[in-house]
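**Student:** Before we start, here is the structure in question, set down as structure tokens.
The values are calculated or read from the model by the stated rules, or taken from the named source; none is laboratory data. Remember, it's a predicted structure, so these values are computed and weren't measured experimentally. Cβ atoms come from the backbone with ideal geometry, glycine included; neighbour counts cover every protein chain shown. Only protein heavy atoms, including side chains, enter the accessible area calculation; ligands, DNA and RNA are left aside. Shrake-Rupley method; radii C 1.70, N 1.55, O 1.52, S 1.80 Å.
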Amino acid sequence: MPELPEMETYKKLLGERIVGKTIAEVTINREKSINVAPEQFTKELGNAHIIAINRRAKHLIFKLSNGKSLLLHLMLGGWMYLGDEEDNPERTKQVILTFGPISLYFIGLRLGYLHLLTETELEKELSDLGPEPLDMQFSLPKFNELLDSRRGMLKTTLVNQQFISGIGNCYSDEICYEAKLQPGKKIDTLTQEMRQELYNGMQSALRRALKFGGYMDQPLYKGDNLTGGYNEHCYVYDREGETCNRCGGTIVKEELSSRKTFYCPNCQRE
């Protein structure tokens, strides 16, 4: 499932290419992917233009000139492609937004969605999300305040969107690796030094993933050399049985609360 770095990469690349462009045509192939009647969806988007693209947690928000927004959550298996009739992937597209010669194809939206919302509806939809981990206002003291009320495992806490937003399976493991802590370690056993390392690890892991374009498998458009670059730079995620770059130990895979989890038992503390 795309997480903060993947959605931030999408935001950056799409912002450079479709902000200011007018939606000339809307195609809906799966009604369950949207939240209103297809006729209303098509009518309200027709001739509207994209005035901004924002991100909140794992969502993208397409701000429209008509005062409404499209809220996108790709969920598991969802992705996007920006192209034309010749170079788009031969996959089923649930929704297509056409901007003249190019279209934005929403693919794999079986669990994900693209909802048309008013400003009030949007605020309500996002109201229960935790703070953004890379926000300049999200300091170590604020992180400590959040940790004070928690007793669970690091892994399950980091992926809790009400605790901190935007982190999922991949980056929770990468953060724990950077902090030299095992994902199953209980929060109430962390020393102040460990808390500092966890905070620093969160900043470092997410910024590093942003630099390499996240771990998505598919490029956003033809010639896109950024999206998915982090696949070659993961420290532990999806590296079961491989050698740890830091200590030479062997990376293992376990399940914690039904989530696949990767870590190095040799250099990450229990």
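**Student:** Build a GNM of the chain with springs between Cα atoms under 10 Å: which of Cys247, Cys234, Cys170 gets the top mean-square fluctuation?
**Tutor:** Cys247
**Student:** If I take all pairs of Cα atoms in the range 84-154, what percentage of them are more than 18 Å from each other? Don't jump to the answer; show the numbers that get you there.
**Tutor:** Numbers: 1632 of 2485 pairs.
When every Cα pair of the range 84-154 is considered, 66 percent fall beyond 18 Å.
**Student:** Angle between the Cα long axis of helix 4-18 and the longest principal axis of the chain, 0 to 90 degrees, nearest 10?
**Tutor:** Orientation of helix 4-18: about 30 degrees from the principal axis.
**Student:** What is the range 1-129's relative contact order, in percent, from Cα pairs under 8 angstrom and six or more apart in sequence?
**Tutor:** Value for the range 1-129: 28 percent.
**Student:** Another one. Top mean-square fluctuation among Glu193, Glu145, Glu86, Gaussian network model of the chain, C-alpha springs under 10 Å?
**Tutor:** Evaluated over the chain, the most mobile residue of the options is Glu86.
**Student:** Kirkwood Rh over alpha-carbon pairs of the chain, then Stokes-Einstein at 10 °C and 1.306 mPa s: what D in µm² s⁻¹, rounded to an integer? Display every interim value, and only then the final one.
**Tutor:** On the way: Rh = 19.7 Å.
This corresponds to a translational diffusion coefficient of 81 µm²/s.
**Student:** Using just the helices of the chain, give the 222 nm mean residue ellipticity in deg cm²/dmol: DSSP H runs with n ≥ 4 each add -39,500 (n - 2.57), and the total is spread over all residues, rounded to 500.
**Tutor:** One gets -8000 deg cm²/dmol as the mean residue ellipticity at 222 nm.
**Student:** Oh, and also: Which are the unpartnered cysteines of the chain, meaning those with no other cysteine Cβ under 4.7 Å from their Cβ?
**Tutor:** Cysteines lacking a close Cβ partner in the chain: Cys170, Cys176, Cys234.
**Student:** Hey, another quick one. State the Cα centre-to-centre distance between the range 148-170 and the range 1-34 in whole Å.
**Tutor:** About 27 Å separates the Cα centre of the range 148-170 from the one of the range 1-34.
**Student:** Ok, one more. Which order do Ser258, Ser33, Ser204 take by accessible area at a 1.4 Å probe, largest first? Walk me through the numbers before you get to the answer.
**Tutor:** Numbers: Ser258 105, Ser33 0, Ser204 50 Å².
If we order Ser258, Ser33, Ser204 from most to least accessible, we get Ser258, Ser204, Ser33.
**Student:** Near Gly201, within a Cβ-to-Cβ distance under 9 Å, what is the net charge of the other residues, with Lys and Arg +1 and Asp and Glu -1? Please list the in-between numbers first.
**Tutor:** Details: positive: Lys180; negative: Glu174, Glu178, Glu197.
Residues close to Gly201 contribute a combined charge of -2.
**Student:** Radius of gyration and Dmax for the range 1-142's Cα atoms, expressed in Å?
**Tutor:** 15.1, 52
**Student:** Something else: What is the set of long-range amide H partners of Arg55 at a cut-off below 5 Å, with H atoms built 1.01 Å from backbone N?
**Tutor:** Residues meeting the amide H criterion: Ile61.
**Student:** Assuming a ≥ b ≥ c are the square roots of the Cα gyration tensor eigenvalues, decide whether the range 130-270 counts as rounded (a/c under 1.5), prolate (otherwise, with a/b larger than b/c) or oblate. Could the numbers behind the result be given before it?
**Tutor:** Working: a/c = 1.83, a/b = 1.22, b/c = 1.49.
Oblate is the answer for the range 130-270, as a/c is 1.5 or above yet b/c matches or exceeds a/b.
**Student:** For the pairs Lys185/Lys260; Lys43/Lys124; Lys43/Lys63; Lys68/Lys124; Lys58/Lys155, note any where the Cα-Cα span goes beyond 19 Å.
**Tutor:** Working: Lys185/Lys260 15 Å; Lys43/Lys124 24 Å; Lys43/Lys63 16 Å; Lys68/Lys124 14 Å; Lys58/Lys155 17 Å.
Violating the 19 Å Cα-Cα cut-off are Lys43/Lys124.
**Student:** Taking only C-alpha pairs under 8 Å that are 6+ residues apart, what is the relative contact order of the chain in percent?
**Tutor:** Values: 539 pairs, mean separation 46.8, N = 270.
Contact order relative to length: 17 percent.
**Student:** What base-10 log of the normalised intensity I(q)/I(0) is obtained for the range 36-87 from the Debye formula, alpha carbons as equal point scatterers, at q = 0.30 Å⁻¹?
**Tutor:** -1.11
**Student:** If you don't mind, another one. Counting pairs of alpha carbon atoms under 8 Å apart in space and at least six apart in sequence, what relative contact order in percent does the range 118-270 give?
**Tutor:** Numbers: 234 pairs, mean separation 31.8, N = 153.
This gives 21 percent for the range 118-270.
**Student:** Using Cα springs under 10 Å in a Gaussian network model of the chain, which residue among Glu85, Glu240, Glu31 shows the largest mean-square fluctuation?
**Tutor:** Between Glu85, Glu240, Glu31, it is Glu85 that shows the largest mean-square fluctuation.
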